[in-house]
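Chemist: Let me begin by handing over the structure; questions about it come next.
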Amino acid sequence: TLPGVVLAFMLAASLGGGTRSVGLLLIGAALTGTVGMLCVTWIGRFSRLREDTALAIVLSTFFGAGIMLLSMAQQMPGVSAAGLNTFIYGRVASILMADAILITVVGSISVVCCALLFKEFRLLCFDSGFALGTGYPILRLDILLMSLVVLVTVIGLQAVGLILVVSLLVIPPAAARFWTDDLAATALIAGCIGVVSTVVGSLLSASFDRLPGGAMIVLAAAVLFGFSFFLGIRRGVLLEGISLWRHKRRTVVQNLLRDAWEWEETTGKAIFSQDDLVPYRTFHSSRMARVIRRAIGRGLVASRGQGGYTLTARGRVEAARIVRAHRLWELYLITHAEIAPSHVDRDADAIEHVLDPLLLERLERKLVGREKGGDVSSPHELHGMDSGGGDPS
């Protein structure tokens, strides 16, 4: 948009017209913004470059051209180009009622277009190949979507400036993704974040001297992004960290149950000690003791006195499930991924904790040939599928 703003200014100055006509400058911004959008579309359609690469090329080229034209405009005799800085850095206080009406009208048009074509735009953005195969006019939809982006960019120039307006296109939806997986809800939350950041940034700018409105709006949006980044219910760092911590604790206990099962399977002894299971893991004795206490607290292991422990009925069921998952995945890697039997244990150890029952049944039907999962309450049933390096068949 910058080359269009400066070219419109230079044209008005050379013709002796009003160089401060906001409408004329915005028309220039819209024209070159549209040209840039068409360049991005053309490069993406007729070259092997990715769309983000094309966007980077066009943005940098047009911005460089705009800076060059701005330097030329500042050297024009008898003309002051100082007012153009408001389009670069934004100036909320300079928005008049006519500008507010224009922003409302254009923004409403954009919202209505997105609502009416929400299904088409969603298909275009996430599966353009399928959309093309089903007969959607991909090129026209792409141009329309990019045109809406240009419109929103142009009407935001006076508020936050042509540099920071990109932030209002990117930050709100990026923040909204931490709260939901639904695209419609993402759009709604992003709009709310944009409104809140604009109101808060404008109020802060008006309350304190020498605080630029555009920068404060973007900073308010950045604060909301940071809040969402850490506390979002879908991908927030805090909840993700808690979930990962719980998964690790659950995984360690499940590994203990599998080790106890394999100890009983190997020795025929139902009672094991802490030292008996240490060789199965790279644990220190103190950590193994903590894991055993955690398993006892969950009712999976019972103490038998004098340092001896055994699996409870509930622990035996859970151990059978995890052993079955481990060995089925081992067998799958050996028979279908052609991995040597001596190398599958570590891979199976990582995946056994996330295999759901339906997938396990499918694996068993595919590998073992049973129609339904069998009863594995006895540790000796899976002995023929032991992972000790022998033939798993």
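The values are calculated or read from the model by the stated rules, or taken from the named source; none is laboratory data. Since the model is a prediction, treat every value here as computed from it, not as a measurement. Note that we place each Cβ from the backbone using ideal geometry, even for glycine, and neighbour counts take in every protein chain shown. Heavy atoms of the whole protein, side chains included, go into the accessibility calculation; ligands, DNA and RNA do not. Shrake-Rupley method; radii C 1.70, N 1.55, O 1.52, S 1.80 Å.
Chemist: What does the charge add up to near R235, with Lys and Arg as +1, Asp and Glu as -1, over the other residues with Cβ less than 14 Å from its Cβ?
Modeler: -1
Chemist: Let me ask something else. Would you compute, from DSSP H runs of 4+ residues alone, the mean residue ellipticity of the chain at 222 nm, taking -39500 (n - 2.57) per run and dividing by the full residue count, rounded to the nearest 500?
Modeler: Working: 17 runs with 275 residues, N = 393.
One gets -23000 deg cm²/dmol as the mean residue ellipticity at 222 nm.
Chemist: To the nearest 20 debye, what charge dipole does the stretch 223-273 have about its Cα centre, counting +1 at the Cβ of each Lys and Arg and -1 at the Cβ of each Asp and Glu?
Modeler: 320
Chemist: When you count, for each residue, the other Cβ atoms within 10 Å and take the mean per peptide, how do 137-144, 315-322 rank with the highest first?
Modeler: 315-322, 137-144
Chemist: Please compute the alpha carbon radius of gyration of the chain, then divide it by the globular-protein estimate 2.2 N^0.38 Å. Two decimals is fine. Don't jump to the answer; show the numbers that get you there.
Modeler: Details: Rg = 31.9 Å, N = 393, 2.2 N^0.38 = 21.3 Å.
In units of the 2.2 N^0.38 Å rule of thumb, it is 1.50.
Chemist: Leaving out ligands and nucleic acids, and using a 1.4 Å probe, what accessible area per residue does the chain come to in Å²? Numbers along the way, then the final one.
Modeler: Details: 22000 Å² over 393 residues.
Accessible area per residue: 56 Å².
Chemist: Using only the alpha-carbon atoms, how far is helix 237-267 inclined from the longest principal axis of the chain? Give it as 0 to 90 degrees, nearest 10.
Modeler: Orientation of helix 237-267: about 20 degrees from the principal axis.
Chemist: On to the next question. Dipole of the chain, Cα-centred, from +1 at each Lys and Arg C-beta and -1 at each Asp and Glu C-beta, to the nearest 20 debye? Mind dumping the intermediate values first?
Modeler: Details: 36 positive and 31 negative charges, 161 e Å.
That gives the chain a dipole magnitude of about 780 debye.
Chemist: Find how much the distance from R45 to T267 grows on full extension, using 0.36 nm per residue of separation minus their present alpha carbon separation; answer in nm with one decimal.
Modeler: Fully extending the segment from R45 to T267 adds 73.3 nm.
Chemist: Could you give the angle, 0 to 90 degrees to the nearest 10, between helix 97-116's Cα long axis and the longest principal axis of the Cα atoms of the chain?
Modeler: It works out to around 40 degrees.
Chemist: Summarise the accessible area of the chain (1.4 Å probe, protein heavy atoms) by the percent that is carbon and sulfur.
Modeler: Values: 14160 of 22000 Å².
Result for the chain: 64 percent of the exposed heavy-atom area is carbon or sulfur.
Chemist: Which of rounded, prolate, oblate describes the stretch 1-132, given a ≥ b ≥ c as roots of the alpha-carbon gyration tensor eigenvalues and a/c under 1.5 marking rounded, otherwise prolate only if a/b is larger than b/c?
Modeler: Details: a/c = 3.01, a/b = 1.53, b/c = 1.97.
It is oblate, given that a/c is not under 1.5 and a/b is not larger than b/c.
Chemist: With θ set to phi - 60° and the Karplus curve 6.51 cos²θ - 1.76 cosθ + 1.60, what are the ³J(HN,Hα) couplings of the stretch 306-320 in order, to the nearest whole Hz, using x for Gly and Pro?
Modeler: 6, x, x, 9, 8, 6, 6, 4, 5, x, 5, 5, 5, 5, 4
Chemist: Two-decimal Rg/Rh of the stretch 280-331 from alpha-carbon positions, Kirkwood Rh?
Modeler: Dividing the radius of gyration by the Kirkwood radius yields 1.03.
Chemist: Also: Place +1 on the Cβ of every Lys and Arg and -1 on the Cβ of every Asp and Glu in the chain, take the dipole about the Cα centre, and give the residue among L116, V165, L231 whose Cα lies farthest towards its positive end.
Modeler: Checked the options; the winner is L231.
Chemist: Under a Cβ-only charge scheme (Lys and Arg +1, Asp and Glu -1), can you give me the dipole magnitude of the stretch 231-337 about the Cα centre, in debye to the nearest 20?
Modeler: So the magnitude is around 580 debye.
Chemist: A follow-up question, please. Using the Cα centre of the chain as origin and beta-carbon charges of +1 (Lys, Arg) and -1 (Asp, Glu), tell me which of A131, T41, T1 is placed farthest towards the positive end of the dipole.
Modeler: T1
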